[in-house]
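Before any comments, here is the structure.
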Amino acid sequence: MIYTQLGSDKYVMRLESGDDILQSLRRFATAKRLSASLLEGIGSLSKVKLGHYDFTTKQYKYETFEDDLEILNLSGNISTMNRRPLPHVHVTLGRRDFSVIGGHLDEGSAANMVEIGLWKLSGKLVKAKDEAIGLNVLQLARRI
């Protein structure tokens with residue numbers, strides 16, 4: 001992974017062939033001490049592991065796809081959980097036949113080449129397990 005910094009709070013990174021997206025984001029967030037960020041990206045994957053959460057069973061169902069997949073949209077955030085960076089990314093992918101798949105990005109998703117823009121936010125975003133939902137969710141201060 002290579003990157004450049006644009007101003008005090010913006011980064012652009014490029015993941016190269018074989019780079020794992022979530023591992024790269026976690027490593028970058030650790031090195032830059034990021035505790036609250038938003039991100040988006042484009043590019044291509046050679047392998048992706050996608051998840052879909054079932055609110056009834058409170059379990060993710062995962063499926064792995066190995067093909068040249070065009071990233072139509074990659075978006076997410078980086079928060080912290082147990083004082084460690086926690087990237088949360090969703091992706092929409094185009095196949096060669098122009099069909100589309102998407103879901104929650106998991107470990108083991110490998111880049112052909114991926115470009116990611118990352119915006120550092122002031123403050124911290126913290127996640128904790130919500131037992132009722134079964135997911136790690138942002139702990140936010142205000143309700144409307």
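The values are calculated or read from the model by the stated rules, or taken from the named source; none is laboratory data. Since the model is a prediction, treat every value here as computed from it, not as a measurement. Cβ placement follows ideal geometry from the backbone for every residue including glycine, while neighbour counts extend to all protein chains displayed.
Take Leu69 and tell me if it is buried (at least 17 other Cβ atoms within 10 Å of the Cβ), over 15 Å from the mean Cα position of the chain (by Cα) and either more than 30 Å from Leu6 (Cβ to Cβ) or at pLDDT 95 or above (or both). Reasoning before the result, please.
Working: buried (at least 17 other Cβ atoms within 10 Å of the Cβ): yes; over 15 Å from the mean Cα position of the chain (by Cα): yes; either more than 30 Å from Leu6 (Cβ to Cβ) or at pLDDT 95 or above (or both): yes.
Yes, satisfied.
From the list Arg95, Arg84, pick out the single residue that is in contact with an Asp or Glu (Cβ under 7 Å, 6 or more places away or on another chain), among the charged types (D, E, K, R) and either modelled with pLDDT of 95 or more or within 13 Å of Leu45 (Cα to Cα) (or both). Step through it out loud before you land on a result.
Working: Arg84 fails: in contact with an Asp or Glu (Cβ under 7 Å, 6 or more places away or on another chain).
Criteria check complete, one pass: Arg95.
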Report task. Would you mind stating whether Asp68 is more than 25 Å from Thr30 (Cβ to Cβ), acidic (Asp, Glu) and in contact with a strand residue (DSSP E or B) (Cβ under 7 Å, 6 or more places away or on another chain)? Result -> yes
Query - Pair list, Cβ under 6 Å, 6 or more apart: region 119-130 residue touching a residue at least 60 places away in the same chain (Cβ under 8 Å) and closer than 20 Å to Gln5 by Cβ, other residue surrounded by fewer than 16 Cβ atoms within 10 Å (Cβ to Cβ) and of a type outside the set (S, T, N, Q) - result: Trp119/Lys10; Trp119/Leu38; Lys120/Asp9
Query raised in the report: Quick check: anything in region 37-55 among the charged types (D, E, K, R), surrounded by 14 or more Cβ atoms within 10 Å (Cβ to Cβ) and under 30 Å from Ala132 (Cα atoms)?
Result: yes
Requested in this report: Looking only at region 74-97, decide whether some residue is in contact with a His (Cβ under 9 Å, 6 or more places away or on another chain), touching a residue at least 24 places away in the same chain (Cβ under 8 Å) and farther than 22 Å from Val12 by Cα.
Outcome: no
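Go through region 47-75 and give me each residue that's among the polar types (S, T, N, Q), farther than 14 Å from Leu105 by Cβ and in contact with a Gly (Cβ under 9 Å, 6 or more places away or on another chain). Break it down stepwise before answering.
Of all residues in region 47-75, those among the polar types (S, T, N, Q) come to 56-57, 59, 64, 73, 75.
Next cut, farther than 14 Å from Leu105 by Cβ only: 56-57, 59.
Hits for region 47-75 are Thr57, Gln59.
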Query raised in the report: Quick check, is Ser17 farther than 18 Å from Gly76 by Cα, surrounded by fewer than 16 Cβ atoms within 10 Å (Cβ to Cβ), of a type outside the set (Phe, Trp, Tyr) and out of contact with any Ser or Thr (no Cβ under 8 Å at 6 or more places or on another chain)?
Result: no
Query raised in the report: Which condition number in (1) without any contact (Cβ under 8 Å) to a residue 40 or more places away in the chain; (2) assigned to a strand (DSSP E or B) is the one that Leu140 fails?
Result: (2)
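Would you mind finding the one in Leu50, Leu22, Leu34, Leu45 that is at pLDDT 95 or above, assigned to a helix (DSSP H, G or I) and of a type in the set (A, V, I, L, M, F, W, C)?
Details: Leu50 fails: assigned to a helix (DSSP H, G or I); Leu34 fails: assigned to a helix (DSSP H, G or I); Leu45 fails: assigned to a helix (DSSP H, G or I).
On inspection, the qualifying residue turns out to be Leu22.
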Query raised in the report: Looking at region 53-74, which of its residues are outside any strand (DSSP E or B) and among the hydroxyl-bearing types (Ser, Thr, Tyr)?
Result: Thr56, Thr57
